[in-house]
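The values are calculated or read from the model by the stated rules, or taken from the named source; none is laboratory data. Computed from a predicted model, the values in this text were never measured in an experiment. Don't worry about glycine lacking a Cβ; one is built from the backbone with ideal geometry, like all the others, and counts go over all protein chains shown. Protein only, heavy atoms only, side chains kept; ligands, DNA and RNA dropped before computing areas. Shrake-Rupley method; radii C 1.70, N 1.55, O 1.52, S 1.80 Å.
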Amino acid sequence: MSVTHQILNDSKGGEQARTTHDGSEQTAAELRLLSRSRERLELTEVLDLYKSVGRRNIEYFAWIHDVYSWITLPSVSFDRRKVLGEDKTKLAIFDILADDLADNYTTRSFAMLEQLTKIPWQAEDTSVETNDYLQVARKVWEDLISSVSLYPRFGEFERIFYFDLRQVLSSMLYSYLANTEGIENPVETNFYSSYGCVVELAMDMDLMCSPAFDMKELGPMRTVASLAQKIAHIANLLTTYPSELVERDVSSPIISLAMRKGLIRKEELGDKAVLPRLSKLEWIFKNKAYTYIRRVAEYEKEVRSLNIRGFSGYLAELLERFEGSRSLR
């Protein structure tokens with residue numbers, strides 16, 4: 001039964017719908033309390049868990065850990081940066097476990113993806129989570145959230161964090177349906193595709209460790225985070241579209257655009273020979289990225305409780321850094 005059907009069956013009116021929502025929040029809180037009693041896993045242990053079920057080049061996670069360690073808000077004290085870098089990398093691992101169930105031609109599974117998206121809000125169901133893949137996803141999530149829930153301002157950002165997490169997981173469901181049910185379209189792809197980069201979640205985590213941040217500035221700060229997420233997504237897609245072509249992933253914006261323009265046909269998905277045709281579209285996305293960077297430069301001035309002037313410069317450098325990860329995909 002899908003999450004939507006479950007809520008509809010359990011709810012007979014607005015009040016009961018709120019009760020269901022409150023119940024899911026309570027379950028998530030109970031899971032965090034249970035997780036706190038467990039010893040935090042080392043990043044190498046989480047990577048070993050991933051290697052037992054995952055398909056990605058493990059060196060990619062070392063690269064992304066370096067990126068997360070580098071691009072942290074200046075308001076985060078140095079004594080917290082090590083844990084933040086590791087936790088963001090664990091978040092990326094959980095994200096990629098979901099992504100491969102949505103996008104990859106050989107590992108795609110709606111049943112498993114739907115179960116994975118429930119993990120942050122539901123206690124373990126041993127009758128469902130019998131395969132190693134879902135068990136690893138749960139272990140990674142519980143280890144991550146047990147650490148994040150101890151951040152100084154977690155309570156203030158908890159609902160925002162879980163809201164952003166829902167957007168990430170919804171984007172995975174969209175990707176699956178785009179690849180299997182033909183719902184892909186430019187408006188929704190533009191809306192959903194960037195969430196998979198989990199930049200807003202990473203920024204939430206930074207703000208949880210930023211005592212000086214004024215919550216009254218949350219609007220402009222989230223504008224910066226949303227634009228940064230779009231920039232990171234473009235940087236990522238420019239390095240991943242060759243592998244996504246092989247995986248026949250039409251949720252990749254550059255692949256879907258190429259199909260709409262008639263540069264490639266659906267039957268040519270998976271054929272590396274069409275890559276030169278796709279590369280002709282790179283400039284469109286690079287131009288978008290630099291437009292977003294200029295907008296970040298405008299909005300970063302509206303955040304006064306934190307000094308994020310120059311953050312747009314970091315994002316410009318990020319575009320170049322992603323190019324170095326192409327061989328790791």
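Given Cβ point charges of +1 (Lys, Arg) and -1 (Asp, Glu) and nothing else, what value in debye, to the nearest 20, does the dipole of the range 82-196 about its Cα centre take?
The dipole of the range 82-196 has a size of about 300 debye.
Tell me the mean residue ellipticity at 222 nm calculated for the chain from its helices only (DSSP H runs of n ≥ 4, each -39500 (n - 2.57), averaged over every residue, nearest 500).
The helix contribution divided over the chain gives -22000 deg cm²/dmol.
Mind ranking 50-58, 234-242, 307-315 by how tightly packed they are, going by the mean number of other C-beta atoms within 10 angstrom, highest first?
The densest-packed peptide leads the list: 234-242, 307-315, 50-58.
Over the chain, what percent of the accessible surface lies on carbon and sulfur atoms, probe 1.4 Å? If you can, show how the numbers build up before the last one.
Values: 8140 of 15520 Å².
The C+S portion of the solvent-accessible surface of the chain is 52 percent.
Taking every alpha carbon pair in the chain, what does the distance histogram look like in 10 angstrom bins from 0, in percent?
5, 25, 35, 25, 9, 0
As I understand it, the dipole of the range 219-328 uses +1 on the Cβ of Lys and Arg and -1 on the Cβ of Asp and Glu, about the Cα centre. Which of Phe311, Ala297, Leu275 lies farthest toward its positive end?
Result: Ala297.
Could you tell me which of Leu150, Ser170, Phe213 has its Cα farthest along the dipole of the range 143-251 towards the positive end, charges placed at Cβ (Lys, Arg +1; Asp, Glu -1), taken about the Cα centre?
Phe213
Which number do you get for Rg(Cα) / (2.2 N^0.38 Å) in the range 101-169?
Dividing the Cα radius of gyration by 2.2 N^0.38 Å gives 1.23.
Any idea what the alpha-carbon Rg over 2.2 N^0.38 Å comes to for the range 80-231?
For the range 80-231, the normalised Cα radius of gyration is 1.07.
Mind putting together the pair-distance distribution for the range 178-329? All Cα pairs, 10 Å bins, whole percent per bin, short to long.
Going from the shortest bin to the longest, the percentages are 11, 37, 30, 16, 6, 0.
Working only with C-alpha atoms, what are the Rg and Dmax values of the range 41-94, expressed in angstrom?
Over the range 41-94's Cα set, Rg and Dmax evaluate to 11.6, 37 Å.
Can you pull a Stokes-Einstein diffusion coefficient for the range 144-246 at 37 °C (0.692 mPa s), Rh from Kirkwood over Cα pairs, as a whole number of µm²/s?
Answer, rounded: 219 µm²/s.
Calculate the tail of P(r) for the range 231-321: the fraction of all Cα-Cα distances greater than 23 Å, expressed in %. Provide the component values of the computation, followed by the final result.
On the way: 1459 of 4095 pairs.
Counting pairs separated by more than 23 Å, the tail of P(r) holds 36 percent.
What ranking do 177-188, 100-111 get when scored by the average of other Cβ atoms within 10 Å per residue, highest first?
With the highest mean Cβ count within 10 Å placed first, the list reads 100-111, 177-188.
To the nearest µm²/s, what D does Stokes-Einstein give for the range 39-132 at 37 °C and 0.692 mPa s, using the Kirkwood radius over alpha carbon pairs as Rh?
My calculation gives 221 µm²/s for D.
When only Cα pairs under 8 Å and 6 or more residues apart are kept, what is the percent relative contact order across the range 212-329?
40
Around Lys90, with a cut-off of 12 angstrom between Cβ atoms, what is the net charge of the other residues, counting Lys and Arg +1 and Asp and Glu -1?
That sum, taken over residues with Cβ under 12 Å, equals -4.
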